[in-house]
Amino acid sequence: MKAAVYDRNGGPEVLRYEDVPDPVCPSDGVVVRHEAIAIEGGDLINRASSPPPHQGYIVGYAAAGEVVAVGSDVSDRHVGQKVTSFDLAGSHAGLRTVAASRTWLVPEGLDMPAAAALPIAFGTAHHCLFARGGLKSGEAVLIQAGAGGVGIAAIQLAIARELRSWRRSPALQEPNLCSRKVSITRSIIAR
């Protein structure tokens with residue numbers, strides 16, 4: 001298969017597109033044939049500043065595609081399902097093995113590029129608000145930096161759960177600019 005790999009830190013010039021061996025499906029995982037990948041901020045930061053753990057390191061956190069193999073211990077995934085997935089590496093390749101627990105079914109009608117972009121922003125926001133934050137409907141939340149991917153996802157999840165939400169963004173000078181588009185309860189502009 002083809003993959004984007006790098007052996008040293010740097011900008012996009014350190015990436016190479018080359019042939020690498022197909023992955024072998026682990027017992028607790030699946031192999032996904034990618035239809036779309038997401039290029040996340042962490043992908044760029046890691047490539048620029050963190051040494052790759054080995055030669056021919058395949059970059060990439062998030063991708064979406066079709067399950068083409070299922071591990072022997074997996075009962076909730078099957079070949080042919082469309083999934084989005086997250087892991088710390090490997091999404092910038094034709095195929096990737098990933099733990100089945102790090103995959104989510106793609107709903108009918110959602111296109112694969114959009115599905116590939118969901119796990120990082122929405123997964124992080126959901127984890128912060130509900131898994132770690134324990135927020136319940138009717139409670140209030142202040143979302144710092146409500147203009148980036150995770151911030152906007154947090155705003156949308158807060159609204160969906162009927163939380164009272166405030167958004168703070170030092171970048172926006174017009175308090176209602178973002179509010180009109182995503183139905184924010186209140187905006188706070190840092191000066």
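Structural remarks
- At least 18 Å along the helix axis (C-alpha) and Kyte average at least -1.0, DSSP helices within the chain: 112-126
- Amide H partners (placed H, <5 Å) of L95, local residues excluded: H34
- Summing Lys and Arg as +1 and Asp and Glu as -1 over all other residues whose Cβ lies under 11 Å from the Cβ of G138 gives a net charge of +1.
- The share of accessible area on the chain that comes from carbon and sulfur is 56 percent, using a 1.4 angstrom probe.
- Electrostatic tally near Y6: other residues with Cβ closer than 13 Å to its Cβ, Lys and Arg +1, Asp and Glu -1, net -1.
- Based on protein heavy atoms only, the chain ends up with 54 Å² per residue of surface accessible to a 1.4 Å probe.
- Evaluated at q = 0.09, 0.17 Å⁻¹: base-10 log I(q)/I(0), Debye formula over Cα of the chain: -0.41, -1.09
- Each Lys or Arg adds one and each Asp or Glu subtracts one; over the other residues with Cβ under 12 Å from the Cβ of Q55, this totals 0.
- Only the Cβ atoms of Lys and Arg (+1) and of Asp and Glu (-1) were treated as charged; on that basis the dipole of region 1-76 about its Cα centre amounts to roughly 300 debye.
The values are calculated or read from the model by the stated rules, or taken from the named source; none is laboratory data. Quick caveat: nothing in here was measured; it's all calculated off a predicted structure. Using ideal geometry, Cβ is built from the backbone for each residue, glycine included, and neighbour counts are taken over all protein chains shown. Keep in mind that these areas ignore ligands, DNA and RNA; they rest on the heavy atoms of the full protein, side chains included. Shrake-Rupley method; radii C 1.70, N 1.55, O 1.52, S 1.80 Å.
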